[in-house]
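Engineer: Here it is, the structure in full.
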Amino acid sequence: MQYERLSDFSGKGSYLLFSFPLYTKIKIDSSIETKNETEILGYNEEGVPDTLNHIYFLENKDFRFLKNMFMEEKNFFYYCPFCNKELPIIYKGQELKIEYQDPILTTYTFMYSMTEEYEDYEESASEDYAKRINEFNNHVLGDKRVLQMNLECTSKYKHKLYTIFQITDDNKLMKTGQYPSILDFDNSLKEYKKVLKDKNITKELTNAEILKTHNMGVGAFLYLRRIFEKLIFETFEQAKLENNIDELAFKIAKTETKVKMLFENGYVSRYLAEINTFVYGILSKGIHELSEDECNLHYDTLREAILLILEEKVEMEQKEKLKKATKKELNKIHTKLSE
Ligand SMILES: [Zn+2]
């Protein structure tokens, strides 16, 4: 998902508050929106309706989102890093001055439209809007244009959480701080940490995540590729130990073929064998050719693929363990019954 303007976060407020990268400027469009409405007053003798038209000049949806985010009471169902589980997290909100509550700036009502009149209304709405944005910023964010949103989890401990936002001189919203950190809110690695033998892998996944939260997508890709290569190499070492692979052929093969060789010998899952070309291809392309923005955009999907590979690796290992243990038990029973 690409976030180009503030209203793109509609329905994803918690993500913006707790998981969206810091120092990323988000556009708050300040152009005016209009909405037309036609009112039928009655019908003349020929059955033709007499109509009254209204053109509403409205605050932009980005500004409406901003007002709602800062002012309205909120209840997010999200992961609390202190509780280590998902639960409602609340924001108390603050009172919005009555004159800013209505998003309608002005209404042009007419039976027969006149261009000049329309332009007058439009101009006056623009002036009002600019004034309103300025006053709102002064009132809610102060002259530093900074607001700290304080939140609280709903456990008996009432953990305190906060996010700091700034509105820049070019009218963009930027998150400049938060506590707990973006990494603390990411609980997806906890499961793997318990089972992965190579602790470096979880460390590298964490590094990838840190770079991503600072919008350094190329660097994040590099870590993901290292993990991918490491997993392939680890699997190869295992196959070598069990004398199930042609070492020389493996060493000179391209990554794609390497994965194929491992799959044919039952060391990697069908899924990994299938997605390997895409994953490795995209990661390599990211490092050499893609822009920082493109890498940021595709990072989540690539990371998900790596996590799935890790998950399958853990599952395969557990299954292998179970197979060996069961075979041993069966052997014992067999020996006992043959006595
Ligand atoms: Zn909590």
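Engineer: Please determine whether any residue of the range 132-140 is touching a residue at least 40 places away in the same chain (Cβ under 8 Å), open to solvent by less than 20 Å² (accessible area, probe 1.4 Å) and either away from the ligand (no atom under 16 Å from the Cβ) or assigned to a loop (DSSP other than H, G, I, E, B) (or both).
Structural biologist: Checking the range 132-140: at least one residue is touching a residue at least 40 places away in the same chain (Cβ under 8 Å), open to solvent by less than 20 Å² (accessible area, probe 1.4 Å) and either away from the ligand (no atom under 16 Å from the Cβ) or assigned to a loop (DSSP other than H, G, I, E, B) (or both).
Engineer: Does any residue in the range 64-93 that is assigned by TED's automatic domain parsing to the domain that holds L17 and polar (S, T, N, Q) come within less than 7 Å, Cβ to Cβ, of a residue that is within 14 Å of the ligand (Cβ to nearest atom) and not in a helix (DSSP H, G or I) six or more places away or on a different chain, and which pairs are these?
Structural biologist: As it stands, the answer is N75/P88; N75/I90, since those pairs meet every condition given.
Engineer: Moving on. Is it true that N75 is among the polar types (S, T, N, Q), in contact with a Pro (Cβ under 9 Å, 6 or more places away or on another chain) and within 18 Å of L151 (Cα to Cα)?
Structural biologist: Considered against the rule, which asks whether it is among the polar types (S, T, N, Q), in contact with a Pro (Cβ under 9 Å, 6 or more places away or on another chain) and within 18 Å of L151 (Cα to Cα), N75 comes out as yes.
Engineer: Which of the numbered conditions does Q318 fail, given that it passes all the others? Conditions: (1) of a type outside the set (D, E, K, R); (2) open to solvent by 100 Å² or more (accessible area, probe 1.4 Å); (3) modelled with pLDDT of 90 or more.
Structural biologist: Every listed condition holds for Q318 apart from (3).
Engineer: Then there is this: Can you give me the number of residues within the range 165-180 that are hydroxyl-bearing (S, T, Y), away from the ligand (no atom under 15 Å from the Cβ) and open to solvent by 30 Å² or more (accessible area, probe 1.4 Å)? Don't jump to the end; show me each part of the working.
Structural biologist: From the range 165-180, those hydroxyl-bearing (S, T, Y) are 168, 176, 179; that's our starting set.
Narrowing further to those that are away from the ligand (no atom under 15 Å from the Cβ): 168, 176.
Those still in the list that are open to solvent by 30 Å² or more (accessible area, probe 1.4 Å) too: 176.
Summing the residues that are hydroxyl-bearing (S, T, Y), away from the ligand (no atom under 15 Å from the Cβ) and open to solvent by 30 Å² or more (accessible area, probe 1.4 Å) in the range 165-180 gives 1.
Engineer: Out of K27, K35, report the one residue that is of a type in the set (K, R) and within 30 Å of G217 (Cβ to Cβ).
Structural biologist: Residue meeting the stated conditions: K27.
Engineer: Only one of (1) open to solvent by less than 80 Å² (accessible area, probe 1.4 Å); (2) more than 26 Å from H298 (Cβ to Cβ) fails for E86. Which number is that?
Structural biologist: The single condition E86 does not satisfy is (1).
Engineer: Of the residues in the range 81-118, how many are under 23 Å from K61 (Cβ atoms) and not hydroxyl-bearing (S, T, Y)?
Structural biologist: 12
Engineer: Might you check whether a residue that is open to solvent by less than 40 Å² (accessible area, probe 1.4 Å) and polar (S, T, N, Q) occurs anywhere in the range 261-272?
Structural biologist: Checked against the condition, which is being open to solvent by less than 40 Å² (accessible area, probe 1.4 Å) and polar (S, T, N, Q), the range 261-272 yields at least one hit.
Engineer: Does L224 meet the test of being in contact (Cβ under 8 Å) with a residue 40 or more places away in the chain, touching a Lys or Arg at 6+ places or on another chain (Cβ under 6 Å) and assigned by TED's automatic domain parsing to the domain that holds V314?
Structural biologist: No, not satisfied.
Engineer: Do we have N75 as loosely packed, with under 14 Cβ neighbours inside 10 Å and over 21 Å from S124 (Cβ atoms) here?
Structural biologist: Taking the combined requirement at face value, the residue satisfies it.
Engineer: Still on this model: Output the number of residues of the range 200-215 satisfying the condition of being open to solvent by less than 50 Å² (accessible area, probe 1.4 Å) and part of a helix (DSSP H, G or I).
Structural biologist: Our first condition is that a residue be open to solvent by less than 50 Å² (accessible area, probe 1.4 Å); within the range 200-215, this holds for 201-202, 204-209, 211-213, 215.
Subset that is part of a helix (DSSP H, G or I): 201-202, 204-209, 211-213.
Final tally of qualifying residues: 11.
Engineer: Is it the case, given these coordinates, that P81 is within 16 Å of the ligand (Cβ to nearest atom) and surrounded by 12 or more Cβ atoms within 10 Å (Cβ to Cβ)? Lay out the reasoning, then the answer.
Structural biologist: Values: within 16 Å of the ligand (Cβ to nearest atom): yes; surrounded by 12 or more Cβ atoms within 10 Å (Cβ to Cβ): yes.
Answer is yes for this residue.
Engineer: Just checking, which of I245, I252 is surrounded by 13 or more Cβ atoms within 10 Å (Cβ to Cβ) and β-branched (V, I, T)? Show your work before the answer.
Structural biologist: Details: I252 fails: surrounded by 13 or more Cβ atoms within 10 Å (Cβ to Cβ).
On inspection, the qualifying residue turns out to be I245.
Engineer: Right, another one. What do you reckon, is P103 surrounded by 11 or more Cβ atoms within 10 Å (Cβ to Cβ), within 16 Å of the ligand (Cβ to nearest atom) and touching a residue at least 24 places away in the same chain (Cβ under 8 Å)?
Structural biologist: no
Engineer: Do you know which of the residues in the range 149-164 that are surrounded by 12 or more Cβ atoms within 10 Å (Cβ to Cβ) and free of Cβ contacts under 8 Å to residues at least 40 places away in the same chain is farthest from the ligand (Cβ to nearest atom)?
Structural biologist: Restricting to residues being surrounded by 12 or more Cβ atoms within 10 Å (Cβ to Cβ) and free of Cβ contacts under 8 Å to residues at least 40 places away in the same chain, the top hit is I164.
The values are calculated or read from the model by the stated rules, or taken from the named source; none is laboratory data. Model, not experiment: these values are computed from the prediction. FYI the Cβ positions are ideal-geometry reconstructions off the backbone, even for glycines, and counts take in every protein chain you see. SASA here: full protein model, heavy atoms, side chains in, ligands and nucleic acids out. Shrake-Rupley method; radii C 1.70, N 1.55, O 1.52, S 1.80 Å.
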